[in-house]
Every structure is written in structure tokens, then in C-alpha cells.
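Novice: This is the structure I want to talk about, given as C-alpha cells.
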Amino acid sequence: MSEAQASPVSVSDRIEIIDILRGLAVGGILIGNMQWFSGYGMMPPAMVENSQTIDKVVTFFVHFFIEGKFYSIFSFLFGFGFALQIARATERGDTKATLFKRRLFWLLVIGLIHAYVLWPGDILSIYAVMGFILLLFRNKSDASLLKWAVGLMIVPIVTYLLLFGAFLAFAPPDVGATVDAGQAEFWNSSVETVGNGSFWQIMSTYNPGYIIGRYMGLIFQMRLPKILAMFLLGFYAYRIGVFQNLKDNAPLVKRVLIYGLILGVVGNLIMTAAAGNEGSFPPSAMGVAGVVGYAFGVPALALGIVALLTTLWKTDLWKRVLGIFAPVGRMALTNYLTQTLACVMIFYGYGLGKFGTFTASQATLTALAIFAVQTVVSTVWLKFFTFGPMEWIWRQLTYGKRLPLRLKA
């Protein structure tokens, strides 16, 4: 099969549970991202302490059940999809994975436009770059994939310990107060710029600075090794045929369900109670506990959620209930980008200018409302069209040919 004959996966060849998981991951990512869209995740500690009890509960819920878990699920599914595409490339004799590289290139372009024009919290460009690194693992053995995944999960712990040691040795005693003052200043300037700024002001001043800070945060928190680790676990899951043959892999899914939920709950309790996030700054002993809890608890809980949903999906009732999220997953790129459009129009100055005015509970309810609308719109759209609009554009750029959008009668 030549590259010219290559085409996207047909609807009949799709694995429904993968689309369901991807759809729910998109929803979870929105709830997590809403902290930063709305601004409540940037609030100085003193403001958080003075918030109402319901908002403290919601913040805990987001940190414990959402933050990190659903982007980890999405990363796992990216690795699974990578393996599927590499297998199809091998079948048609494309040993250099040419189409996959082209797919990553256009994802990078879309992600960079998204980051610089609309929202610097973009994950697409990061996935595209990490996807090129993932290509280096395509000929590794199954055992090697698992070893690399575990090793990459440990990297953030080692890095944070080294940083903690450096701070104990060299940091000035008032560094904590300096960080708090800087955070308060950033909050005040963000409320003014984002809540009142024009499109051009936000794009030219706020977005570039946010992008620099975000990438520094990704490096400091060692987020990139975590993403790659989940990529590799998804790659491994395809290799052993977990979702292609759920019946034979039922014992494995059950073990992941049990141990994933146990380790995930314990790890996330430690992370949330000790540090509140994956790498508190300045580094501290409690921060070390938080990093350890995150490193093992987040991927464990993410995989436990995957196993739980997969187990439920095997029953007729839950297959119908969870099936409503499959269209969202089939249109994941479109839904991810339209989430940004909806949020900037609510919170940014060139929209309603509500940045910094929503509580944690208000922001989370807004995220759930947006996701509910996307679930309905995705279902209706796919009754008439083969792909989501952005998926259609992305595929045409990848395959270099026009693809039909409307479903055949």
C-alpha cells in the first residue's frame, strides 16, 4: 500500500472505547484549564485562604481528581494512536513514518497559532514536539517501553531533590517572601491586562510572557518526561492489544483498576495535602512529598480511571451511557480549540472581561456547561459529517488531498 493510497481510519474501524476515553479526557482537561482561563488558579495564597468553603472544596476536587489526570489519559491515548498509525504505516511500506511526521508538523503549526494568538496554555504544540521524540521508541521492545516509562516518571523526583538541595545551600532566606510578592504582582497585572485588554494588547504583551513562563514551568516541573512516559504506556497498550481484545486482557484491566485506584488515591492525597500541586516553589520538604505523590499517584489514578471506564463500558447499560461521549472524542481537536474560543470570549477583555471575577465553583460549573454543549453539538455534527471541521482540515494537510466532509446519503 503506497502513501498515495493512505487514508484516515474509517468510522467502522474505530475503537469506540478509545473515542469515549478521549472525549472524557477533553472534558477533564477543560475543567483543569478553567483554573487558568478564569484566573482563579493564579490567585495569591492569601486570596485563596479567604475564599468560601465551597470554593475550597471545588479547588481540592480539581487538584485531586482532575489536574494532571486527564491530560495523562490524553497522553496515554496519544501513544496508543501513535502505535496504531505506525502499524498502518508499516503495512503500506512507509518505514520512515512519513505521514505521521507530516501529521505532527501540522499539529505543531496549529498549536503554535493557538498559543500565540489565543491561549498560551496550549498543549498541541507540546504534544507535536514530544511526538517526534516518541518516534525514537518505535522499534523498542515491550519490556524496554515499560522500563523507559518508569524511569521517566522518576526523573521529576530526582530533579526536584537536586533543586531542593541547591536552594538549601544557596537561596537567600527571604526567597519565599519574594516569590509571594511576585505572584501577587503577576495576579494584579494579569487581571488588568487580560480582563480589560484588547485582542492586540493581549496577543502582543500577555501571551508572549505567559508562554515563556509556561515553558519555564514545564521544565521546572519536569512535565515533558511525564508526558513521554504516558505516551510510552499507551504505545505499550496497543502493542499487547489491550483495547483490541478486551476479553483476553480482562485480568490485566482488573489489576490496573485495583492497583491504579489504590495507588492513585494515596498518591494524590499526599500530593494535594503536602503541596497542592506537582512541584511547589520555592522547593521544600513538603514539596518533595508532593512531587513523589504526583509522580506515582497521577499516572496511577489516570490509568485506574481508564480501567474503570473500560470495565463499565463492557456492560450494555454503561456502553449506552458512556457512548454519548464518543462523538466528543472523534472531534477532540475541534472541541479543544473551541473550548479556548468560548473561554477567551467569556474571560478576556475583548469578550465579556470576566477574568479574575469567577470563583472556583463558578468556573468549574462554566466548564461543565461548555462541555455539555460540546457533547450535543458533536453528536449532531457527526450525523451529517465524517470529521469535525478541524480534524478535516488537519487530515487534508496531512494527506495532501481533498477529503469528503459530508457523510454519504
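Novice: With the structure loaded, tell me whether residue 81 is in a helix (DSSP H, G or I), at pLDDT 95 or above and not charged (D, E, K, R) or whether it fails that test.
Specialist: Working: in a helix (DSSP H, G or I): yes; at pLDDT 95 or above: no; not charged (D, E, K, R): yes.
No: the conditions fail for residue 81.
Novice: Residues that are touching a residue at least 12 places away in the same chain (Cβ under 8 Å) and among the β-branched types (Val, Ile, Thr): which helices (runs of 4 or more DSSP H) entirely in the stretch 300-389 hold 2 or more of them? Break it down stepwise before answering.
Specialist: Working: elements: 316-322, 326-330, 332-347, 360-381.
Because the criterion is at least 2 residues that are touching a residue at least 12 places away in the same chain (Cβ under 8 Å) and among the β-branched types (Val, Ile, Thr), the helices (runs of 4 or more DSSP H) in the stretch 300-389 that meet it are 332-347, 360-381.
Novice: Something else about it: Would you tally the residues in the stretch 116-159 being within 19 Å of residue 215 (Cα to Cα), among the polar types (S, T, N, Q) and not in a helix (DSSP H, G or I)?
Specialist: 0
Novice: I want to confirm something. Restricting to the stretch 264-286 and keeping residues that are crowded, with 23+ Cβ neighbours inside 10 Å and in a helix (DSSP H, G or I), which single residue is modelled with the lowest pLDDT?
Specialist: If we take residues in the stretch 264-286 being crowded, with 23+ Cβ neighbours inside 10 Å and in a helix (DSSP H, G or I), then 271 is modelled with the lowest pLDDT.
Novice: Determine, yes or no, whether residue 325 is hydrophobic (A, V, I, L, M, F, W, C), surrounded by 20 or more Cβ atoms within 10 Å (Cβ to Cβ), touching a Leu at 6+ places or on another chain (Cβ under 8 Å) and over 26 Å from residue 124 (Cβ atoms).
Specialist: No, not satisfied.
Novice: Now a separate question. Please go through the stretch 87-108 and pick out each residue that is assigned to a helix (DSSP H, G or I), touching a residue at least 12 places away in the same chain (Cβ under 8 Å) and surrounded by fewer than 20 Cβ atoms within 10 Å (Cβ to Cβ).
Specialist: The answer is 87, 88, 91, 98, 99, 101, 102, 105, 106, 108.
Novice: If you don't mind, there's one more thing I want to ask. Scanning the stretch 226-263 for residues that are under 12 Å from residue 310 (Cα atoms) and assigned to a helix (DSSP H, G or I), which turns out farthest from the chain's Cα centre (by Cα)?
Specialist: Looking at the filtered set, the residue picked out is 250.
Novice: Sticking with this structure for a sec: Condition (residue is under 22 Å from the mean Cα position of the chain (by Cα) and either surrounded by 21 or more Cβ atoms within 10 Å (Cβ to Cβ) or not in a helix (DSSP H, G or I) (or both)) applied to the stretch 162-172: is it met by at least one residue?
Specialist: No, every residue in the stretch 162-172 fails to be under 22 Å from the mean Cα position of the chain (by Cα) and either surrounded by 21 or more Cβ atoms within 10 Å (Cβ to Cβ) or not in a helix (DSSP H, G or I) (or both).
Novice: Scanning the stretch 213-239 for residues that are surrounded by fewer than 18 Cβ atoms within 10 Å (Cβ to Cβ) and either under 18 Å from residue 302 (Cα atoms) or touching a helix residue (DSSP H, G or I) at 6+ places or on another chain (Cβ under 7 Å) (or both), which turns out modelled with the highest pLDDT?
Specialist: Here the residue is 239.
The values are calculated or read from the model by the stated rules, or taken from the named source; none is laboratory data. Only a predicted model underlies this, so the values are computations on that prediction, with no experimental measurement involved. Positions of Cβ are generated from backbone atoms using ideal geometry, with glycine treated the same way; all protein chains shown enter the neighbour counts.
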